[in-house]
Amino acid sequence: MNPNRAKQAKPANSQQHDQAGQTLAVKKPKHSGPDKHDQYIRDPLAHFLSIPWAAKALTDPAVLDIVVSDRTRLATGEQQFVRSILSSETTVRACVTYFLRVPSQQQQERKKTLFSASGGHHGAGEGGQQPLSKSKALLQGGGPENGEGPEKPFLLFNALLDLGEDLCGFKGTLHGGALVVLLDETMCAAADNQSSYAFTATMTTKFLKPVKLPGVVVVRSRVIKKEGRKIWVRGSIEDGDGNLMAESEAMLVDKAPNRLVKSNL
């Protein structure tokens, strides 16, 4: 890997190429995050916009609140594992997050039916949109019966991650423990939208397919139920083709409602 290539400044418009080899400009969507985020790749958003499947996700009109994650070290020394160890040329090279609203179960079934009727074509129009995720568990739950309210809906949190080769167990494959950390951090970020400060109490993970390194993945998470101080969250890791690599479920407890420190993502 050439370290100078990743550190080069990126233009405001990232570039892709169509099937005929013509250069296509992808305009940056509105986003937030510090100018000095201290991620390894200087312009993470432009980096992901240069990847067709990630660009399609980020430029979807339904996307809410795109954020370039801050990896600046804290003076207190907190969060060093994610902000330092998991932020480098050979671990997590870039991270951008965004939210999506999850349709009701009835709306999901209708879209699934129309998507199938269209032959699974991505450009089939609004009625034939591809499902948000192949993880059925991730999109279930929610609603008033599960503690979801109109002021704080159970949004789908998404983290685009560019993973480096030093996160491996077996060569070229993401270590299982690192995979669980990525899911845990992402599920905590989803819980932060429903609480002041939640801690993971229990967590189970299904390892479905090996995650190849280096490579780009999307880690998704969503609160599915809230009861008192307990928050149930599900998560998934998916590749650029939408294949499920892992699924997870956790129960978190809102233990310190007055503390302001949030998840690292």
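Summary table below
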{"quantity": "The range 100-115 - residue that is surrounded by fewer than 12 Cβ atoms within 10 Å (Cβ to Cβ) and either outside any loop (DSSP other than H, G, I, E, B) or touching a Lys or Arg at 6+ places or on another chain (Cβ under 6 Å) (or both) and, of those, modelled with the highest pLDDT", "calculated": "Glu109"}
{"quantity": "Strands (runs of 3 or more DSSP E) fully within the range 145-254 counting 2 or more residues that are hydroxyl-bearing (Ser, Thr, Tyr) and surrounded by fewer than 21 Cβ atoms within 10 Å (Cβ to Cβ)", "calculated": "198-207"}
{"quantity": "The range 42-81, subset more than 17 Å from the chain's Cα centre (by Cα) and of a type in the set (Lys, Arg), residue nearest to Ser133 (Cα to Cα)", "calculated": "Arg42"}
{"quantity": "Number of positions in the range 194-231 that are of a type outside the set (Ser, Thr, Tyr) and under 14 Å from Phe157 (Cα atoms)", "calculated": "8"}
{"quantity": "Which listed residue is surrounded by 13 or more Cβ atoms within 10 Å (Cβ to Cβ), among the β-branched types (Val, Ile, Thr), under 22 Å from Asn193 (Cα atoms) and modelled with pLDDT of 95 or more, from Thr97, Thr91", "calculated": "Thr97"}
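The values are calculated or read from the model by the stated rules, or taken from the named source; none is laboratory data. What you see is a predicted model; the values in this text were computed from it and never measured. Every residue, glycine as well, gets a Cβ built from its backbone with ideal geometry; the counts of neighbours run over all protein chains shown.
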